[in-house]
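Asker: Take a look at this one; I'll ask things after.
The values are calculated or read from the model by the stated rules, or taken from the named source; none is laboratory data. Remember, predicted model here, so these are calculated numbers, not experimental data. Every residue, glycine among them, receives a Cβ derived from its backbone with ideal geometry; neighbour counts consider all protein chains shown.
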Amino acid sequence: MEIPFVSKARPDTGLYNAKVGIWLFLASEVMLFGALFSAYILLRIGADPGTWPHGLLDIPIGTFNTAVLITSSVTVVLGWSALKMGNFGAYRKYQAVTIACALGFLGIKTFEYRDKFGHYEVWLNKPIAVKHGATEVTTDRLLGHIEHNGAHPLFWKTETLARNKVESFKLEPDPYHYTMSTKEIAHAKKEAAGKPHTPVEIKTSDVKRLSAFVPAHSTYFGIYFTLTALHGLHVLIGALVIAYIWGPGAKMWKTDPERYMNRVEVSGLFWHFVDLVWIFLFPVLYLL
């Protein structure tokens with residue numbers, strides 16, 4: 001028994017089975033990400049003034065990753081268009097670029113994650129004076145990279161200091177803090193560019209709390225990692241599906257080309273959704 005409308009579209013709706021299925025699936029995805037975005041908005045609105053972090057993400061890296069995903073969306077469309085015109089070779093080239101962009105996006109995101117795991121905020125029991133070039137600032141909260149015995153520890157927290165019997169450690173402080181405005185952060189980064197960092201010696205007894213930029217750091221990083229990791233999982237799954245259709249699944253092009261083109265189109269619709277989610281994530285998390 002042959003299943004109807006697998007390759008050809010229904011005459012009344014103009015849709016084939018897989019396209020109906022992907023639109024229903026994407027509707028559920030909209031609800032999933034919509035709920036998470038709503039949670040982010042409510043948490044941010046409910047935060048006390050001056051406590052919501054900003055300026056802690058690398059905007060140039062995020063911008064570059066956005067360009068990578070947009071490029072992959074273009075190549076998906078070009079690949080499908082080439083396939084519709086019967087140019088299988090051009091389709092393979094465009095989809096190869098799409099897969100490369102997906103892997104590039106994930107690689108850059110992994111690098112960005114690692115930087116967050118090695119970046120810290122230290123809450124102190126009492127304020128101390130910190131120099132940034134010619135400027136001296138008095139603060140009880142420092143941001144920066146920890147250096148202890150020449151190593152950059154990952155996932156450190158307050159309990160780690162006592163467990164490892166660390167009496168003191170050095171921190172290379174950032175010239176800015178997330179209580180500063182966006183303009184102040186940009187100015188501080190510009191002033192500090194190319195200048196050597198002056199490490200600050202911090203005694204363990206003076207530390208109230210220590211946390212890397214991990215989900216446990218704050219509500220902000222909790223939802224940042226939730227949203228970006230979930231999106232990254234979608235990128236990985238989408239790339240695997242496209243790679244299968246591009247590689248082993250390409251045998252169908254010879255046996256049932258119409259159905260094969262439908263598969264390419266459906267995978268492309270999912271990929272456009274993944275890109276669209278990032279278009280919203282980037283300004284919400286990085287710019288606002």
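Asker: Gly89 passes all but one of (1) assigned to a strand (DSSP E or B); (2) modelled with pLDDT of 85 or more; which number fails?
Answerer: (1)
Asker: Going residue by residue through region 253-260, is there one that turns out to be crowded, with 18+ Cβ neighbours inside 10 Å, assigned by TED's automatic domain parsing to the domain that holds Phe37 and among the charged types (D, E, K, R)?
Answerer: The answer is no, given that none of the residues of region 253-260 is crowded, with 18+ Cβ neighbours inside 10 Å, assigned by TED's automatic domain parsing to the domain that holds Phe37 and among the charged types (D, E, K, R).
Asker: Also, quick follow-up: Being within 25 Å of Tyr40 (Cβ to Cβ), of a type in the set (Val, Ile, Thr) and either surrounded by 19 or more Cβ atoms within 10 Å (Cβ to Cβ) or without any contact (Cβ under 8 Å) to a residue 40 or more places away in the chain (or both) narrows it down to one of Val274, Val241, so name that one.
Answerer: Working: Val241 fails: within 25 Å of Tyr40 (Cβ to Cβ).
Val274 is the lone residue from the list that is within 25 Å of Tyr40 (Cβ to Cβ), of a type in the set (Val, Ile, Thr) and either surrounded by 19 or more Cβ atoms within 10 Å (Cβ to Cβ) or without any contact (Cβ under 8 Å) to a residue 40 or more places away in the chain (or both).
Asker: Being assigned to a helix (DSSP H, G or I) and surrounded by fewer than 18 Cβ atoms within 10 Å (Cβ to Cβ) narrows it down to one of Leu83, Leu42, Leu124, so name that one.
Answerer: Among Leu83, Leu42, Leu124, only Leu42 is assigned to a helix (DSSP H, G or I) and surrounded by fewer than 18 Cβ atoms within 10 Å (Cβ to Cβ).
Asker: Moving to a separate point now. Taking region 105-121 as the search range and keeping residues that are of a type outside the set (D, E, K, R) and assigned to a helix (DSSP H, G or I), which one is nearest to Ser218 (Cα to Cα)?
Answerer: Step by step, filter region 105-121, then rank; the result is Phe117.
Asker: Look through Ala250, Ala229 and report the one residue that is in the same structural domain as Lys84 (by TED's automatic domain parsing), surrounded by 14 or more Cβ atoms within 10 Å (Cβ to Cβ) and among the small types (Gly, Ala, Ser).
Answerer: On the way: Ala229 fails: surrounded by 14 or more Cβ atoms within 10 Å (Cβ to Cβ).
Checking each option against the conditions leaves just Ala250.
Asker: Considering only region 96-104, I want to know if a residue exists there that is more than 30 Å from Lys251 (Cα to Cα) and in a helix (DSSP H, G or I).
Answerer: No, there is no match, as no residue in region 96-104 is more than 30 Å from Lys251 (Cα to Cα) and in a helix (DSSP H, G or I).
Asker: Which fully enclosed helices (runs of 4 or more DSSP H) of region 201-288 have 3 or more residues being under 19 Å from Ile70 (Cβ atoms) and under 27 Å from the mean Cα position of the chain (by Cα)?
Answerer: Qualifying helices (runs of 4 or more DSSP H): 219-246, 257-281.
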